[in-house]
There are 2 protein chains.
Amino acid sequence: MKRSPYFQDAPVNYLFQEMIEKRKAFQKNNKTASLISLGIGDTTQPLPPFVSQTMKDYATKLSTKEGYSGYGDEEGCKPLREKIASAVYKDLVFSDEIFISDGAKCDIGRLQVLFSKDAKIGIENPSYPPYKESTLLYRGKEHLIELNLHEDTDFAFDFKQAEYADIIFICSPHNPTGHVRHKKELEEIVSFAQKQNKIIIFDSAYSFFIQDDLPRSIYEIPHAKEVAIELGSFSKIAGFSGLRLGWTVVPKELSQIHKDWKRITSTFFNGASSIVQQAGLAALQPEGLKEVDRSIQYYLKNTRILKEACTNQGWKVRGGKNSPYLWVHIPGKDSSWELFNHFLEKMHLIITPGVGFGSNGEGYIRISGFGQREDVLEAAQRIQSQ
Amino acid sequence: MKRSPYFQDAPVNYLFQEMIEKRKAFQKNNKTASLISLGIGDTTQPLPPFVSQTMKDYATKLSTKEGYSGYGDEEGCKPLREKIASAVYKDLVFSDEIFISDGAKCDIGRLQVLFSKDAKIGIENPSYPPYKESTLLYRGKEHLIELNLHEDTDFAFDFKQAEYADIIFICSPHNPTGHVRHKKELEEIVSFAQKQNKIIIFDSAYSFFIQDDLPRSIYEIPHAKEVAIELGSFSKIAGFSGLRLGWTVVPKELSQIHKDWKRITSTFFNGASSIVQQAGLAALQPEGLKEVDRSIQYYLKNTRILKEACTNQGWKVRGGKNSPYLWVHIPGKDSSWELFNHFLEKMHLIITPGVGFGSNGEGYIRISGFGQREDVLEAAQRIQSQ
């Protein structure tokens, strides 16, 4: 059997498994401890009622002879593509540049198929693990270029390392650090990509959390359509993490890539679930958007509460204002796992070790604002009583 | 930009596009003609009411604080995996060998990632186009081995060509020919794969259409778990073509491949839509299965009606009995496109040119039994009045 050699290059990241096991072991010895998880980046607020009702109506429709429909367009249904173009992008992109997917993670995998095997992929360290893992499994470790990202340089983009990459993944608001790239930074990155003939893959999964006047999309930057693909997701903005819906923008300015992406979606994909596309369309209607914003504000308030608690302790805290994530360092504690144990044992809180997102995350933890308010308030109190 | 060179190897298959254009042109000149499509393999019967109700209940649940849930397991929810193991496989496979997907087509793409770049993939000619297209786009044409499949040899498996392949795609009931492989044939193929250290990918998307005592799963064959992966789909069996739900079985006997597939699903995939998984679970409950069978019998009756009409004309007709597809040749007409035009112009029927599934499909057409009964009866009449 001809096994892909790349599995050797990509040892399994046991981060979450290890977190679960440590949690279990702790609970076994501390049966009465009431643990609160601020660890995983999963939504907790109920689905907006308007969105839920739309799915119910569509389910009814599918059970009638007149309302039933089967395969949809692999690229996504037209009304949803049009709605994303207008409601999310204010017509900065055309609807036929938007390809609906079953989530950003799946498209991160499929995007690898666009580029030749010898293309080098630049990935920030730390970052959302699937960028790196799909690169390793698709083309092996010699095609991975790590771009350094450090809190103490204010998360400056690593132009030096990026020279070696053909494709560059950027995430803003950034997971795990919560950092949002300013317009000027993105202008420099776009200009760099233009000059050096590189492609940017811009992950905007958390764009709806941006409250300040900062770019929500790479296409707010002049000429970005000539160099950038953008990933979007309904998971975090509308509570669709389990329903699975996202999109990828491939501008027509990237002419051949636009055509090739069309080919890939129709060969390796068969469209996102029709009922979920209807739900996505509902989430972007004025009524849906109001409910979506209510959830976002809820998570942001959670994050503010946690940020204040951490700041009051004299800890170094980044992110949070335009992102559901806090990136935290406690002076004197230089190991992410030491911090994990400290939170677990002293505060009965589950957080995510920063080192799980890349070696430069060592010494940091990611705290997420996804959760129920009562848990967040209790967590804040436990932090402050340290 | 480092474009994948494999796009050159895989020119776009314009089959369906060409069909649409020919149809449009015909309609422009024949405004009053009432066309009936027997062409595409898409379901037309409404979703079973029990399945629809389950989705509605789940949508309601998601809109409550207590009932909301986000990310599910990437491998699929446990109850659904267990239900497939018992209801579909009669416990021939274990639930943790079943990986839930958003449809067979997507997994056909992801399966490519399992094997090294130099693995050769054996694909029957004719066959469902994504096997070939994903192979070309993933590893290029020099890694494609075409296995001949001919109606006049009773669709005998091409062992001679299969010698050169490392991985072999088999589909039964077969799309497009409607042929179902007998137990003895599958035993020979499994034994061949065992001796020659090859992996079979067995596509069982149409298994529920099998009415006779023929294998519905490759795992009914002794030792198949040592050599075969199986694809399954809710699309055709329960009308989920637009909802997107399928599965892949990777037996633990394929030890390393089982582990690697787990890795691929968690890296390139984030789980099938939760609401659709609930719908799948409903479809496999006794009440759901009854409704599912009603749809299957409906399509099979359609197929019988069409088969009789074609046979009465003295045409050569294969398939149909245990499959929704007929594979038809009209003596004296040796071009698929000639047949397409004949059906369009003389009968106002849309069928699929067999050559679209591979060069060995030339001279044949695929007629599908998916459609409304009144259309099928009318189509049968048009055929018989030829």
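The values are calculated or read from the model by the stated rules, or taken from the named source; none is laboratory data. Because the structure is predicted, anything quoted here is derived from the model rather than measured. Cβ coordinates were reconstructed from backbone atoms using ideal geometry, including for glycine residues, and neighbour counts include every protein chain displayed.
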Exercise for the section: Give me a count of the residues in the range A:48-85 that are of a type in the set (Lys, Arg), surrounded by 19 or more Cβ atoms within 10 Å (Cβ to Cβ) and more than 23 Å from the chain's Cα centre (by Cα). Expected result: 1
Completion exercise
Here the qualifying pairs (Cβ atoms under 8 Å; residues six or more apart or on different chains; first in the range B:365-386 and over 16 Å from B:PHE209 (Cβ atoms); second basic (Lys, Arg) and exposed (fewer than 14 other Cβ atoms within 10 Å of the Cβ)) come out as B:GLN372/A:LYS65; B:ARG373/B:LYS301; B:GLN386/B:LYS346
Practice task
State whether the residues of the range B:91-107 include one that is without any contact (Cβ under 8 Å) to a residue 60 or more places away in the chain, within 14 Å of chain A (Cβ to nearest Cβ) and of a type in the set (S, T, N, Q).
Solution key: no
Practice task
Looking for whichever is within 14 Å of another protein chain (Cβ to nearest Cβ) and either surrounded by 23 or more Cβ atoms within 10 Å (Cβ to Cβ) or touching a residue at least 40 places away in the same chain (Cβ under 8 Å) (or both) here; the options are B:TYR138, B:TYR219, B:TYR206. Which one fits?
Solution key: B:TYR138
Problem - Residues satisfying the stated conditions in the range A:222-244, i.e. buried (at least 23 other Cβ atoms within 10 Å of the Cβ) and part of a loop (DSSP other than H, G, I, E, B) - result: A:VAL227, A:PHE234, A:GLY239, A:PHE240, A:SER241, A:GLY242, A:LEU243, A:ARG244
Exercise for the section: Scan the range A:297-304 and give yes if some residue there is closer than 26 Å to A:GLN17 by Cα and of a type in the set (A, V, I, L, M), otherwise no. Expected result: no
Practice task
Count, please, the residues in the range B:23-47 that happen to be closer than 13 Å to B:PHE340 by Cβ and either surrounded by fewer than 17 Cβ atoms within 10 Å (Cβ to Cβ) or touching a Ser or Thr at 6+ places or on another chain (Cβ under 8 Å) (or both).
Solution key: 6
Exercise for the section: Looking at (1) over 21 Å from the mean Cα position of the chain (by Cα); (2) within 30 Å of A:SER241 (Cβ to Cβ), find the lone condition where B:ALA283 falls short. Expected result: (1)
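One line per residue, one yes/no per condition, for (1) part of a helix (DSSP H, G or I); (2) in the same structural domain as A:VAL292 (by TED's automatic domain parsing):
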site	(1), (2)
A:PHE26	yes, yes
A:ASP42	no, yes
A:SER86	yes, no
A:ASP96	yes, no
Completion exercise
Reported set for the range B:1-48 where residues are within 13 Å of chain A (Cβ to nearest Cβ), farther than 30 Å from A:ALA228 by Cα and polar (S, T, N, Q) is B:SER37, B:THR43, B:THR44, B:GLN45
Exercise for the section: Scan the range B:49-70 for residues that are closer than 17 Å to B:GLY242 by Cα and either part of a loop (DSSP other than H, G, I, E, B) or within 7 Å of another protein chain (Cβ to nearest Cβ) (or both) and jot them down. Expected result: B:PRO49, B:SER52, B:MET55, B:LYS56
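Quickly run through the range B:241-256 and pick out the residues that are more than 7 Å from every other protein chain (Cβ to nearest Cβ) and either at pLDDT below 95 or under 25 Å from A:PRO130 (Cα atoms) (or both). Show your work before the answer.
Step one: list which residues in the range B:241-256 are more than 7 Å from every other protein chain (Cβ to nearest Cβ), which gives B:245-255.
Those that are more than 7 Å from every other protein chain (Cβ to nearest Cβ) and either at pLDDT below 95 or under 25 Å from A:PRO130 (Cα atoms) (or both): B:LEU245, B:GLY246, B:TRP247, B:THR248, B:VAL249, B:VAL250, B:SER255.
Here is a yes/no grid of residues against (1) surrounded by 22 or more Cβ atoms within 10 Å (Cβ to Cβ); (2) of a type in the set (A, V, I, L, M); (3) at pLDDT 95 or above:
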site: B:TRP327; (1), (2), (3): yes, no, yes
site: B:PRO331; (1), (2), (3): no, no, no
site: B:SER335; (1), (2), (3): no, no, yes
site: B:PHE343; (1), (2), (3): yes, no, yes
site: B:HIS348; (1), (2), (3): no, no, yes
site: B:PRO353; (1), (2), (3): yes, no, yes
site: B:PHE357; (1), (2), (3): yes, no, yes
site: B:GLY363; (1), (2), (3): no, no, yes
site: B:ARG366; (1), (2), (3): yes, no, yes
